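Participant: First the structure, which I've put down as structure tokens, then a few questions once you've had a look.
The values are calculated or read from the model by the stated rules, or taken from the named source; none is laboratory data. Just so you know, these numbers come straight off a predicted model, no measurement behind them. Neighbour counts run over all protein chains shown; Cβ positions are idealised from the backbone, glycine included.
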Amino acid sequence: MTDALIVSTARTPLTKSWKDSFNMTHGATLGGLAVKEAVARAGLDPGAVDDVLLGCSNPEGATGWSVGRQAALRAGLPVTVAGTTVNRFCSNGLQTIALASQRIKTGEAEVFVAGGVESISCVQNEVNWHMFTDGWLNAYTPEIYWPMLKTAETVAPRCGIPRERMDEYGAAGQQKACAAQAAGLFWEELFSVITQMVTMCVGGGMGAAGIFEEFPSGDSMRQALR
């Protein structure tokens with residue numbers, strides 16, 4: 001069986017939703033930037049890519065119409081390169097990597113770009129709620145439509161996990177991420193981006209922004225999460 005290897009990684013900075021740097025960046029552009037950078041870092045001929053797999057939790061609007069295929073074209077890959085979109089919600093980016101690995105190991109193809117793209121700013125407030133739920137599912141398995149917070153509030157008492165423990169775990173994750181950021185451990189995977197954004201002020205307005213990592217927050221403490 002053929003081994004599957006990750007030969008390059010690339011990601012845009014993480015920014016705040018709605019009011020910061022990516023609030024006017026289309027999903028195809030956002031995903032395309034990362035795809036282009038990953039291919040360039042690998043030193044590959046763009047035409048050598050067999051397929052682009054992008055995960056997306058809300059594949060509609062600015063991240064709809066097979067944003068994986070759109071991102072491939074936006075990245076400058078030739079039209080001969082296929083593209084697809086995968087949705088497994090929070091694990092969809094990881095799922096694309098697993099799928100690419102499986103396809104390489106089975107000999108289906110040799111070169112894949114796999115990752116994820118999401119735009120809370122451009123999609124979440126414009127979600128299509130028309131016929132959002134199925135009547136049978138709503139009656140017999142309504143939890144399929146639960147948001148993450150309701151799921152957590154249900155699972156926590158079932159598994160005996162107190163609020164204090166969850167807060168401590170969440171704050172510790174933020175603090176570890178901040179320590180890694182301060183140590184420069186994220187720099188190799190990041191690349192700089194210049195884009196346009198809407199400024200959230202009286203009257204609004206457009207502006208160009210050179211984007212840097214806006215998260216995580218270093219002041220997240222367990223006592224402040226109440």
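Participant: Test each condition in (1) more than 22 Å from the chain's Cα centre (by Cα); (2) buried (at least 21 other Cβ atoms within 10 Å of the Cβ) for residue 136 and report the one that comes out false.
Facilitator: Unmet condition: (2).
Participant: Any idea how many residues of segment 139-163 are over 17 Å from the mean Cα position of the chain (by Cα), within 17 Å of residue 88 (Cα to Cα) and in a helix (DSSP H, G or I)?
Facilitator: The number of residues fulfilling the criteria is 4.
So that you can scan it fast, the table gives a plain yes or no per residue for (1) more than 29 Å from residue 41 (Cα to Cα); (2) in a helix (DSSP H, G or I); (3) in contact with a strand residue (DSSP E or B) (Cβ under 9 Å, 6 or more places away or on another chain):
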residue: 92; (1), (2), (3): no, yes, yes
residue: 100; (1), (2), (3): no, yes, yes
residue: 115; (1), (2), (3): no, no, yes
residue: 118; (1), (2), (3): no, no, yes
residue: 124; (1), (2), (3): yes, yes, no
residue: 128; (1), (2), (3): yes, no, no
residue: 136; (1), (2), (3): yes, yes, no
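Participant: Oh, and also: Which of the residues that make up segment 58-80 are in contact with a Gly (Cβ under 7 Å, 6 or more places away or on another chain) and among the β-branched types (Val, Ile, Thr)?
Facilitator: Once the filter is applied, which keeps residues that are in contact with a Gly (Cβ under 7 Å, 6 or more places away or on another chain) and among the β-branched types (Val, Ile, Thr), segment 58-80 yields 63, 67, 80.
Participant: Would segment 150-160 turn up any residue that is closer than 30 Å to residue 85 by Cα and among the small types (Gly, Ala, Ser)?
Facilitator: Yes, segment 150-160 contains at least one residue that is closer than 30 Å to residue 85 by Cα and among the small types (Gly, Ala, Ser).
Participant: Among the listed residues 112, 191, 186, which satisfies the condition of being at pLDDT below 95 and under 30 Å from residue 78 (Cβ atoms)? Outline the logic, then answer.
Facilitator: Working: 112 fails: at pLDDT below 95; 186 fails: under 30 Å from residue 78 (Cβ atoms).
The unique qualifying residue is 191.
Participant: Another one. So if I check each of 82, 75, 40, 71, which one is modelled with pLDDT of 95 or more, under 15 Å from residue 12 (Cβ atoms), out of contact with any Phe, Trp or Tyr (no Cβ under 9 Å at 6 or more places or on another chain) and surrounded by fewer than 23 Cβ atoms within 10 Å (Cβ to Cβ)? Outline the logic, then answer.
Facilitator: Working: 82 fails: under 15 Å from residue 12 (Cβ atoms); 75 fails: surrounded by fewer than 23 Cβ atoms within 10 Å (Cβ to Cβ); 71 fails: surrounded by fewer than 23 Cβ atoms within 10 Å (Cβ to Cβ).
It is 40.
Participant: Could you check segment 146-182 and list, in sequence order, the residues that are at pLDDT below 95, of a type in the set (Gly, Ala, Ser) and surrounded by 11 or more Cβ atoms within 10 Å (Cβ to Cβ)?
Facilitator: 152, 170, 171, 172, 173, 177, 179, 180
Participant: Let me ask you something else. Looking at segment 103-113 only, could you name the residues that are assigned to a loop (DSSP other than H, G, I, E, B) and at negative phi?
Facilitator: Narrowing segment 103-113 to residues assigned to a loop (DSSP other than H, G, I, E, B): 106-111.
106, 108, 109, 110, 111, listed by residue number.
Participant: Looking at residue 17 and the list (1) surrounded by fewer than 20 Cβ atoms within 10 Å (Cβ to Cβ); (2) touching a helix residue (DSSP H, G or I) at 6+ places or on another chain (Cβ under 7 Å); (3) within 24 Å of residue 192 (Cα to Cα); (4) at pLDDT 95 or above, which single condition is not satisfied?
Facilitator: Among (1) surrounded by fewer than 20 Cβ atoms within 10 Å (Cβ to Cβ); (2) touching a helix residue (DSSP H, G or I) at 6+ places or on another chain (Cβ under 7 Å); (3) within 24 Å of residue 192 (Cα to Cα); (4) at pLDDT 95 or above, residue 17 violates only (4).
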